[in-house]
Amino acid sequence: MSNKKTALTIFLLSLGAFVTGTAEFVFSGILEIISLDLGVSIAAAGQLLTMYSLSYAAGALILVLLTAKYNRKKVLMYAIFTFLIGNLIAFVSYSYSLLMFSRVVMAMSGGLYIVVATNYAAQIVSPEKRGSAIAKIITGFTVSLVLGVPIGTFFSAYVDWRYIFLIIALISLFLIISLYKLLPEIQANKPLPFTTQLQIMKDRRLMTGLGTTIFWILGYTMVFAYISPLLSREAEMPLEMISVALFVLGTSAFIGSRFGGFAVDKWGPARTISISLIILQHSFRS
């Protein structure tokens, strides 16, 4: 692949990460609206976020294992297509149960997409650029916090929130057409026996990394999930101001992810992670 074609492919893969992130996080900004529209409590509406997270984990783990032996391009295409269907279901959801089902479909396909897209980005660039390529996919996901969530929240103040998912579905259709033309064929990796996978899970370094990731994500998602009703009731912010607050939070996440990719390539992952954890620890204490 030429450099321009590779750059365009990674950009489109990042755009896919952006829409999957928007579909996940935008609920935090419109939780109260959904609660009132569907006639359920804030706590019940919050379960839409919980189910998404659980299904996302299943998609990123179980589906990745089940599809490991299949052609990577086909797996990616099916993941985006299923994600598109999930958003269309959300668009026509006028009941809590149907919306919950749409969240499961979106989450499982979105989790599968992120893993395969990240692998694709790392495979189509030279080894010294893999850190930056992977960071761009992560950046696409975090940019959803910068743009997707605040714009979607602001949009919902004036138009039915369901149209957010119609827009995401249309972008997904564009991605299917574009990536089908651009993506090179990558053959499936040889599947590892289950016993070998269990041996890998015994690696202390792997479990430490997973544990760190879990607690890091818990640190902000527990608050972010209910950020809209929290700011609305405690700070008495209107929906427009909440979208501004979400924009500030998302911008910070974007800057961090971009700097992280640069730092990994320049100083290595060990030093970058150590410094990040020290800063994170001090922020929690404050």
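What to note about this one:
- Flag for Ile134 being of a type in the set (Val, Ile, Thr) and under 23 Å from Gly29 (Cβ atoms): no
- When the residues of segment 41-51 are filtered to those that are hydrophobic (A, V, I, L, M, F, W, C) and open to solvent by 10 Å² or more (accessible area, probe 1.4 Å), the one that is nearest to Val149 (Cα to Cα) is Leu49.
- Residues located in segment 118-135, provided they are in contact with an Asp or Glu (Cβ under 9 Å, 6 or more places away or on another chain), among the small types (Gly, Ala, Ser) and open to solvent by 30 Å² or more (accessible area, probe 1.4 Å): Ser132
- The requirement of being at pLDDT 90 or above, surrounded by fewer than 18 Cβ atoms within 10 Å (Cβ to Cβ) and in a helix (DSSP H, G or I) is not satisfied by Phe83.
- Residue, most open to solvent (accessible area, probe 1.4 Å), within segment 1-28, restricted to residues that are of a type in the set (S, T, N, Q) and assigned to a helix (DSSP H, G or I): Asn3
- Some residue of segment 27-47 being over 26 Å from Tyr163 (Cβ atoms) and touching a helix residue (DSSP H, G or I) at 6+ places or on another chain (Cβ under 8 Å): no
- Complete set of residues in segment 1-29 that are within 19 Å of Val159 (Cβ to Cβ) and modelled with pLDDT of 85 or more: Val19, Thr22, Ala23, Val26
- Answer residue from segment 243-275, given it is touching a Gly at 6+ places or on another chain (Cβ under 7 Å) and either at pLDDT 75 or above or over 30 Å from Ile151 (Cα atoms) (or both) and is surrounded by the most Cβ atoms within 10 Å (Cβ to Cβ) among those: Ser243
- In segment 172-221, the residue that is most open to solvent (accessible area, probe 1.4 Å) out of those that are modelled with pLDDT under 70 and part of a loop (DSSP other than H, G, I, E, B) is Lys190.
- Within segment 141-171, the set of residues being hydrophobic (A, V, I, L, M, F, W, C), at pLDDT below 90 and either within 19 Å of Leu249 (Cα to Cα) or open to solvent by less than 50 Å² (accessible area, probe 1.4 Å) (or both) comprises Phe141, Val143, Leu145, Val146, Leu147, Val149, Ile151, Phe154, Phe155, Ala157.
- Selection count, segment 64-73, where residues are over 24 Å from Ile214 (Cα atoms) and open to solvent by 50 Å² or more (accessible area, probe 1.4 Å): 2
- Condition met for Ser102 (in contact with a helix residue (DSSP H, G or I) (Cβ under 6 Å, 6 or more places away or on another chain), part of a helix (DSSP H, G or I), hydroxyl-bearing (Ser, Thr, Tyr) and surrounded by 16 or more Cβ atoms within 10 Å (Cβ to Cβ)): yes
- A Cβ distance below 8 Å, combined with a sequence gap of six or more or placement on separate chains, defines the contacts here; from segment 44-56, residues that are touching a residue at least 40 places away in the same chain (Cβ under 8 Å) reach residues that are outside any helix (DSSP H, G or I) and surrounded by 16 or more Cβ atoms within 10 Å (Cβ to Cβ) in the pairs Gly46/Ala225; Gly46/Tyr226; Leu49/Ala225.
- Verdict on Val115 being part of a helix (DSSP H, G or I), open to solvent by less than 10 Å² (accessible area, probe 1.4 Å) and either at pLDDT below 90 or more than 19 Å from Gln47 (Cα to Cα) (or both): no
- Taking the listed residues Leu31, Leu38, Leu76, Leu61, the one that is surrounded by 14 or more Cβ atoms within 10 Å (Cβ to Cβ) and within 16 Å of the chain's Cα centre (by Cα) is Leu76, with no other qualifying.
- Flag for Ile138 being open to solvent by 60 Å² or more (accessible area, probe 1.4 Å), outside any loop (DSSP other than H, G, I, E, B), free of Cβ contacts under 8 Å to residues at least 60 places away in the same chain and β-branched (Val, Ile, Thr): no
The values are calculated or read from the model by the stated rules, or taken from the named source; none is laboratory data. In this text, all values refer to a predicted model and were calculated from it rather than measured experimentally. Backbone-built Cβ (ideal geometry, glycine too); neighbour counts: all protein chains shown. For accessibility, only protein heavy atoms count, side chains too; no ligands or nucleic acids. Shrake-Rupley method; radii C 1.70, N 1.55, O 1.52, S 1.80 Å.
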